[in-house]
1. Give me the accessible area per residue for region 126-201, probe 1.4 Å, as a whole number in Å².
2. Could you sort out which of K55/K98; K25/K74; K63/K98; K50/K129; K55/K124 sit more than 21 Å apart by Cα distance in this structure?
3. Keeping the other protein chains in place, figure out the carbon and sulfur percent of the accessible area of region 8-56, with a 1.4 Å probe.
4. If I compute solvent accessible area with a 1.4 Å probe over the protein chains, what percent of it on region 108-196 is carbon and sulfur?
5. Taking a quarter of the surface of the convex hull around the Cα atoms of region 108-196, what do you get in nm²?
6. Could you give the nm distance between label points at L226 and V53, where each point is 7 Å from its Cα heading toward the beta carbon?
7. Starting from the 7 Å offset along Cα-to-Cβ, what nm value, one decimal, do you get for the label separation of H22 and M240?
8. For K168, list the lysines whose Cα falls under 21 Å from its own Cα; do not include residues on the same chain fewer than 8 positions away.
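The values are calculated or read from the model by the stated rules, or taken from the named source; none is laboratory data. All of these numbers come straight from a predicted model, not from anything done at the bench. Cβ placement follows ideal geometry from the backbone for every residue including glycine, while neighbour counts extend to all protein chains displayed. These accessible areas exclude ligands, DNA and RNA; they are computed on the full protein's heavy atoms, side chains included. Shrake-Rupley method; radii C 1.70, N 1.55, O 1.52, S 1.80 Å.
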Amino acid sequence: DYVVVKMIPDNRLPPRHLHSVHTGKTFAVVKWESPYDSPDQDMLYAVAVKDLVRKTDKIYKVKTRNSTVEYTIKKLEPGGKYHVIVQLGNMSKESSMKINTVPLSAPDALKIITENDHILLFWKSLALKESNFNESRGYEIHMFDSLMNITAYLGNTTENFFKVSNLKIGHNYSFTVQARCLYSGQMCGEPATLLYDELGTGEDSSASKAGRSTDVAAIVVPVLFLLLVTLGIGFVVLYMRHRRLQNSFTAFANSHYSSRLGSAIFSSGDDLGDEDDEAPMITGFSDDVPMVIA
């Protein structure tokens, strides 16, 4: 014997397994499952989005018969904080979660230029890579003194540079530049950080080290190349001189070689001079003098 039982759907149950699939700068994709499996009719969901920074609410309606629902919440702000609530349209029990959108990127190419009594911070405009950033929002600059263990807010600017004065000799500083924080510092961009070693030389540690390494490489590489070329030319010259000396000596030895003795015979300059003085000069032969061949 058996009995078939059909459960009555309870529309007062909350959506199940609410979670975030993907979060960007201005949107978030959330996903959940229906309160019960295989709905036999369309279900109307209310998606409430509460902005925890601005203290505002928005409600969206989603109508579907699917057991698994995926919904994209749009028009969010970078670096924002939100509370998402999903429930059936009949105001049943709810499922909720919190999401944080991705903040604006950090400014690129942050560097320091040292002047006589101050330094200048430079960076690229954030609007070049962030379509959601407006230059009128500006940037804010912070400084951390590692010796005093103090972080100071230096100010904000809508330009792409900032002047910093009154740095103390022997102190190490860290500078950060980021998109200006909104709503009491709750919505900020990612900071770009640069270390600065102030030892009386007025040079940026990271920039100067990179500059020094580049300068050293620019000097050392040509010098090494010239040394190698000079050594190569020297070896060629020595080799050519050696070959010339060897050939000259071989020719000289061959010209004084005696096949009868099997060796080369060399005489001093004095002996050659004496023989030349004592030996009579042969001027030739007369036709009337007989030649005797023994």
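1. 56 Å²
2. In this structure, K63/K98; K50/K129; K55/K124 exceed 21 Å between Cα atoms.
3. Heavy-atom surface of region 8-56 belonging to carbon and sulfur, 1.4 Å probe: 51 percent.
4. Taking all protein chains in place, region 108-196 shows 50 percent carbon and sulfur surface.
5. Computing the convex hull of the Cα atoms and averaging its projections yields 5.9 nm².
6. About 5.8 nm separates the two model spin labels.
7. Label at H22, label at M240, 7.0 nm between them.
8. K111, K209
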